[in-house]
Structures are given as structure tokens and as C-alpha cells.
């Protein structure tokens, strides 16, 4: 018993350890923990339990194609082809019909817009002949495409011309006869891919601008002024022996000086030359 007690107690008295020590959880010599491999966070589920997909890259929207180019064009002054008098007689040319002032101002701006007609493209070339039939009795404008037309799709242009002149009124134009036929030529030039241009208007076939529209109208003299020096404003003024339906007795060229007399329904009695008399429509005198 004494020997057992000494065998158990003496190590404690001298501080000796008879067995291996257990490793301490807080010892500094403990091996470092193995580094954990990084984890990739998964998308958080939505409230409904479905994973939210990442936003997609917006697709590139192609730019709209450039608008089709329009052809360049030039519009000549109108050419008075014929007219019909009150008694139904058909007269040819400005010399017989006496001219028609003012229709160029109506026709040319509308004809220039034919570059925007669906039948026109950047490669359109050639001539478009347009014929107008003016009826001052019904105040209507009839349109047609002339036989000398060389552009492609003449019917397409004919539709555009008809649409452009629908509802045009002739009431404000001075006229000497109830019906007129006037022709215009529109010349188209291809522009390829260049910016559309509009050529300035002007005679394209050698016809003087005064064929339909006089180059200028004199200012009417003020009341009380001398009426002996009034000049013919139209290219040709037709002189009749009676207003409107009288027989033609003379044709006076532009610039001829006349003396005014009585005024009847828009017709002036004039004296010209060496005492000759007759009746002239007021528009021919710039009135």
C-alpha cells in the first residue's frame, strides 16, 4: 500500500507528466485550418422561388434607311396652243387667242412639286409634257399627258398632276376667250445620290416667256391721268369691232400706244394708229 501511494503521488510532487498531453484548442502551435475554396454565390431566388436571370444585352437596332432621292427638274413657261372663242371658233396660238396672263403663277409651283411624286426617283430622266384644258365657263382645269413625254411611268405622273390641280379656281384670271389649251414641258434630270435640287424655271424650248404670261403689266394710270398713252401689255391684243363677240379687226403688238374710251363689261373702246377704233379686253391693257 505504501509503495502504491508513493508510485502514484511522487510524479505530482516533482511536476512530472507520465503520459502525452492533450492538444489545447487555443494553442498557438495548432496547424492552420485549411483554406476553403471560394464559393460562387448563386442568384438569389425571387419571392416566387424562381431564379432571376441576369439582364440581357440590348440588341442593336439598325438605323433606318435614308429617304429616296428626288430628281432635279426644270419647268418651262406655258405655251398657249389654242383657244375657243365665244362663238365656238377654234383659234391657234397666242397671236389669234390674245394671250392669257396669270396661269404660270398657278401652274409652275405645282409642277415643280412633281419631284416628290411617287413615280419620280433619283434616276428619273426625260421629259414630261403636260397639257391643260382651261374652261372658264365651268371654272375647271383639265389635265393630260402629252404625246412627247419620254419619262418612265407617265401614268403615275398623270395621276400626280391631276391630284395637284384638283380644286384650282380660274376665277381670278383675266381671259378673253372661254376656253384655252396650254402646254408645259418638265425636264427631269437624275440626281443619283446627290441632294435633290430644283433647276430654275425658264423657257426650255425656245418659246418666249410672254407666250402665256406677259413679262410685265403696266401700272394702271391713276384717276384723272392722261389716258392717251396706255400701252398694250399682252404679247398681242386682239381688237374687235364690238365687245366680246365682235369680229376681229386688228392685232396690236405689245407696247402699242392706244387712247382709251368707253368701258363696257371689261372691254375698252380704244383709238389707235391713225384714228382707227375698236374694242380690246381690259386684261390686254393691264387693267
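From the Cα gyration tensor of the range 72-211, with a ≥ b ≥ c the square roots of its eigenvalues, which class applies: rounded if a/c is under 1.5, or else prolate if a/b is larger than b/c, or else oblate?
Taking the square roots of the gyration eigenvalues as a ≥ b ≥ c, the range 72-211 is prolate.
Quick one: grab the alpha carbon gyration tensor of the range 230-285, order the square roots of its eigenvalues as a ≥ b ≥ c, and give me rounded if a/c is under 1.5, else prolate or oblate depending on whether a/b is larger than b/c.
rounded
Arrange 136, 103 by Cβ neighbour counts within 10 Å, fewest through most, would you?
136, 103
If you average the alpha carbon positions of the range 224-287 and of the range 96-172, how far apart do those two centres end up, in angstrom?
32
Using the 10 angstrom Cβ neighbour count as an exposure proxy, how do 235, 265, 277 rank, fewest first? Don't skip to the end; give the middle numbers.
Values: 235 22, 265 9, 277 16.
Arranged by neighbour count, lowest to highest, 235, 265, 277 become 265, 277, 235.
Is the C-alpha gyration tensor of the range 124-196 telling us rounded, prolate or oblate? Criteria: a/c under 1.5 is rounded; beyond that, a/b larger than b/c is prolate, otherwise oblate.
Prolate.
Every number here is computed from the coordinates shown, using simple stated rules; none is lab data. Computed from a predicted model, the values in this text were never measured in an experiment. Every residue, glycine as well, gets a Cβ built from its backbone with ideal geometry; the counts of neighbours run over all protein chains shown.
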